[in-house]
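The values are calculated or read from the model by the stated rules, or taken from the named source; none is laboratory data. Every value quoted in this text rests on a predicted model; they were computed, and no experiment measured them. A quick note on method: Cβ atoms are made from the backbone with ideal geometry, for glycine too, and the neighbour counts reach across all protein chains shown. Each accessible area value is taken on the protein alone, full model and side chains, heavy atoms only, with ligands, DNA and RNA left out. Shrake-Rupley method; radii C 1.70, N 1.55, O 1.52, S 1.80 Å.
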Amino acid sequence: MKIPFNKPYFAGKEVQHIVNAAYWGHISGNGVYTQQCHAFFGEKYGFKNCFLTTSCTDAFEMAVMLMELQSGDEVIMPSFTFVSTANPFLLKGAKIRFADSMDEHPNIDLDHVEELITDRTRVLVVMHYGGVAVDMDRAAALARRHNLVLIEDTAHAIDAYYKGKPLGSFGDFAAFSFHETKNISAGEGGMLVINNEKFVDRAEIIWEKGTNRAAFSRGEVDKYQWVDVGASFLPSDLIAGVLFAQLENIKDIQRKRVAIWERYHAGLKHLEAKGLLGLPRLPDYATNNGHLFYLLLEDKKQRNEMLTFLNSNRVHAVFHYLPLHSSPFFSPQHSGRELHNANRFSDTLLRLPFFYELPLELVDMICEQVEKFYFS
Ligand SMILES: *Cc1c(COP(=O)(O)O)cnc(C)c1O
């Protein structure tokens, strides 16, 4: 049997919460479990304005609607990210200028962001790759200096911190994902966190299809009507029930995932010391949230050989993002600037199996296979 790359995990009460919601007779959006999830994020991470969505992609779409971008407005984001970071802006006719990664880490290289800013630039998006924080003091200073909306793509970054403060609390917006492949999962799901109060009232309306239903259900208005443009971003309370069951177990899930990460690191660091491969690096200001574990190989050829080797030895290893700037869809629009580090991480990065139920003995076995690649 092959060790899978990912395996969904039910932490305990997922099914019970689904049954409860059905029994209580409210399975559409914004029910008891949605509110419990929001309250959880408020209490644990201090996120005051949370909106569960059907995906992280939708959370981005909602943020973009709130920003009221004009056609031709420009957005800066890393090229080494998932398409969902980019797609929502294009729906609004914005123009994307992709930034490179740092030398040491796939995160956006803030040293070179300023060169990309023009008088049309409205938004800076940062993505915390592998849950490792971008330098948010610097990102926030850049955004402030140039009057940009700052968005954190926190799809990888639940329960991760920058200088002791949770990721998701720095941007005007943060977009979380609860997709099957993330630390905390509802199958599909997401959440928009809004830290800039000026967007909050309208967010509630857009979230509820352009109506004032949220205010109506709190008894603040006597009619429930169409008051703005909107969309349907709420997940069913059945999904929220699954998510809440995961959140109830977040300590255990995170403890386990960080233990897997550390076991990989301990098992492979001698290969890094010998200069045979690179391992994830953690700046002083960041924490490790056990989202993923990767190797950096010499070049694309060696990375692909390692992929073939591991996969033929029953370890399902995978590569990660193909840079967005050179994708079939975007490359005709790209200026031709070379994004050397984004290309390099795309060519040389390899991710190892990573999921809650992965036994530590199998982590050891995977490390031995990696070692065998060099010494057999
Ligand atoms: C998973 C992911 C997304 C999209 O999440 P969905 O919930 O599937 O829409 C966005 N950005 C990054 C960096 C991701 O890894």
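Determine the percent antiparallel among the DSSP beta bridges restricted to the chain, to the nearest 5.
55
Quick check: the distance between the Cα centres of the range 266-336 and the range 129-159, to the nearest angstrom?
22
Within the set of other residues whose C-beta is less than 12 Å from the C-beta of LEU358, count the net charge using Lys and Arg as +1 and Asp and Glu as -1.
Combined, the nearby Lys, Arg, Asp and Glu give +1.
Over the chain, what is the mean sequence separation of C-alpha contacts under 8 Å (at least six apart), divided by residue count, expressed as relative contact order in percent?
Result for the chain is 23 percent.
Once both labels are modelled 7 Å past Cα along the beta-carbon direction, what's the VAL83-SER331 spacing in nm?
1.6
Could you size up the charge dipole of the range 1-137 around its Cα centre, putting +1 on the beta carbon of Lys and Arg and -1 on that of Asp and Glu, and report it in debye to the nearest 20?
The calculation lands at about 900 debye.
Along the positive direction of the dipole of the chain (beta-carbon charges: Lys, Arg +1; Asp, Glu -1; about the Cα centre), which of PRO235, ILE260, LEU292 reaches farthest?
Checked the options; the winner is ILE260.
Using packing as a proxy for protection, rank 270-279, 97-106 so that the peptide with the highest average count of other Cβ atoms within 10 Å comes first.
97-106, 270-279
For the chain, give the percent of accessible area contributed by carbon and sulfur heavy atoms, probe 1.4 Å, rounded to a whole number.
Answer for the chain is 53 percent, counting heavy atoms of protein chains only.
Charges only on Cβ, +1 for Lys and Arg, -1 for Asp and Glu: so what's the dipole of the chain about the Cα centre, in debye to the nearest 20?
Magnitude of the dipole: close to 420 debye.
Around PHE293, what is the net charge, scoring Lys/Arg as +1 and Asp/Glu as -1 over all other residues with Cβ under 11 Å from its Cβ?
Computed value for this residue: +2.
Tally Lys and Arg at +1 and Asp and Glu at -1 over the other residues with C-beta under 11 Å from the C-beta of PRO323: what net charge comes out?
Charge balance in the 11 Å sphere: -2.
Give, in nm to one decimal, the length gained when the segment between SER28 and ALA141 is fully stretched (0.36 nm per residue of separation minus the Cα-Cα distance).
Gain on extension, SER28 to ALA141, equals 36.6 nm.
Using a 10 angstrom cutoff on alpha carbons, build the Gaussian network for the chain and name the most mobile of ARG257, ARG337, ARG218.
For the chain, modelled as a Gaussian network with Cα springs under 10 Å, the answer is ARG218.
Between the range 1-64 and the range 345-376, what's the alpha-carbon centroid distance in Å?
30
Which value in deg cm²/dmol, rounded to the nearest 500, describes the helix-derived mean residue ellipticity at 222 nm for the chain, given -39,500 (n - 2.57) per DSSP H run of n ≥ 4 and division by the residue count?
Rounded to the nearest 500, the figure is -11500 deg cm²/dmol.
I need the trypsin sites (Lys or Arg not before Pro) found in the range 1-78, filtered to DSSP loop residues with at most 12 other beta carbons within 10 Å of theirs.
Taking the range 1-78 and a limit of 12 other Cβ atoms within 10 Å, the loop trypsin sites (Lys or Arg not before Pro) found are LYS2.
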